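Peer 1: What follows is a structure written as structure tokens; I'll ask about it next.
What follows draws every value from the coordinates through simple rules; no lab data is involved. Because the structure is predicted, anything quoted here is derived from the model rather than measured. FYI the Cβ positions are ideal-geometry reconstructions off the backbone, even for glycines, and counts take in every protein chain you see.
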Amino acid sequence: MFFATRSHIRPLQTVKISNVPLLFLGANMIRLLLLLLCGAVNAQQSPTSLNLAQQAKNPDFSAMTFTRPVTVGASLPTTCAIGQLYFNSAATAGSNLYACTSTNTWMVIGSANASTIRGSAVSSMAPANNQALIYYSSSASYVPTSVYTLQNGLGTSAAGSTNLQVNVSMGIRAVTGTSDTLLSTDCGGLVTYSSASPVAVSLAQPSLGGNFLTGCPITVHNYGAGPVTITPGASTVGGATSQVVNQNRGCLLVSDGTNWQLGNCN
């Protein structure tokens, strides 16, 4: 038999793990060391990116001091997906934000000067007075075009090269005084005079889109004893500077856009 003596007993000693070969460590201890090592490496790397679409729920950016959720660049990308937004820094101020409305199709949002209407281009030419944007299929674009208003339902309504003649019921205006001015609202109507004294009637010069449209007819009839003298301004009536309509006589005045032509005068 063997008996241990005091000379064989040694006090316990602390052993450093770093000095112990991995062969003598258990499996759990090895896993723990590996986890600690990975954590130390990750702590020195940049923070992990967050995918808001998959990892966040109802994100609220209202309290953030700075946000820039839209892609910024000096030219529109050639491709895009529906719903994508892009800020074009090279565009005119106020017309910078674009949305992808269909695949690979950008459209400016909230512009004071629209460059397209329902996908069709708008001319960069500024419209003049009495012009409206008219769509032309030949150029697939909207172009400022002169538009003329119908006067009392008669005359020429022009949009491009298209003329429209419209007939309406005749209105009657009775004058009892000794002076009168024929108006564009008299187009297509009858104006009667019934003064015992001479009547002076002034008539503006016809002009397309101005006072009287081409084709505007005005019928005048004198029931009074005083003769009615019609004098147009800066134009002629029946080739003369004035036209006299005696008692119980009538006359048809028709605008040709420059002067007044006479119809039935009896």
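Peer 1: Using a 10 Å cut-off around each Cβ, can you sort PHE212, PHE87 from fewest to most neighbouring Cβ atoms?
Peer 2: PHE87, PHE212
Peer 1: When DSSP assigns beta bridges and you keep just the ones with both residues in region 172-262, what percent turn out antiparallel, to the nearest 5?
Peer 2: Antiparallel: roughly 40 percent of the beta bridges in region 172-262.
Peer 1: Here is a further query. For region 69-113, just run the numbers: alpha carbon Rg, then divide by 2.2 N^0.38 Å, N being how many residues it has. Kindly include the intermediate steps, with their values, before the conclusion.
Peer 2: Working: Rg = 9.6 Å, N = 45, 2.2 N^0.38 = 9.3 Å.
That works out to 1.03 for region 69-113.
Peer 1: Tell me which residues come under 5 Å, amide H to amide H, from GLN84 once H is placed; ignore anything under 5 positions away on its chain.
Peer 2: Result for GLN84 returns CYS100.
Peer 1: Can you compute the FRET efficiency between ALA200 and ASN130 using 1/(1 + (r/R0)^6), with r the Cβ-Cβ distance and R0 = 25 Å? Round to the nearest 0.05.
Peer 2: With a Förster radius of 25 Å, E is 0.20.
Peer 1: Using θ = phi - 60° and the Karplus form 6.51 cos²θ - 1.76 cosθ + 1.60, what ³J(HN,Hα) does each residue of region 255-262 get, whole Hz, x for Gly and Pro?
Peer 2: 7, 10, x, 10, 10, 10, 9, 9
Peer 1: So how far, in whole Å, is the C-alpha centre of region 233-266 from the one of region 181-198?
Peer 2: Region 233-266 and region 181-198 have Cα centres separated by 13 Å.
Peer 1: For SER146 and ARG31 in the same chain, what is the full-extension length gain: residue separation times 0.36 nm, less their Cα-Cα distance, in nm? Present the calculation step by step, with values, prior to reporting the outcome.
Peer 2: Working: separation 115, 0.36 × 115 = 41.40 nm, distance 8.46 nm.
So the chain would gain 32.9 nm between SER146 and ARG31.
Peer 1: Run the simple label-point estimate for GLN261 and THR229 please: 7 Å along Cα→C-beta, distance reported in nm.
Peer 2: 2.7
Peer 1: Right, another one. Roughly how compact is region 186-266, stated as its Cα Rg over 2.2 N^0.38 Å to two decimals?
Peer 2: Dividing the Cα Rg of region 186-266 by 2.2 N^0.38 Å gives 1.02.
Peer 1: Using θ = phi - 60° and the Karplus curve 6.51 cos²θ - 1.76 cosθ + 1.60, what whole-Hz ³J(HN,Hα) does each residue of region 71-76 get, with Gly and Pro shown as x?
Peer 2: Taking θ as phi minus 60°, the curve returns 5, 10, x, 8, 8, 5 Hz for region 71-76.
Peer 1: Once label points are set 7 Å from the Cα along Cα→Cβ at both THR241 and THR101, what is their separation, rounded to one decimal in nm?
Peer 2: 6.0
Peer 1: Taking the DSSP beta bridges in region 69-113 as the whole, what percent of them are antiparallel, to the nearest 5?
Peer 2: Of those bridges, close to 70 percent are antiparallel.
Peer 1: Whole-Hz Karplus ³J(HN,Hα) for region 123-130, in order, using 6.51 cos²θ - 1.76 cosθ + 1.60 and θ = phi - 60°, x for Gly and Pro?
Peer 2: 4, 7, 6, 6, x, 9, 4, 6
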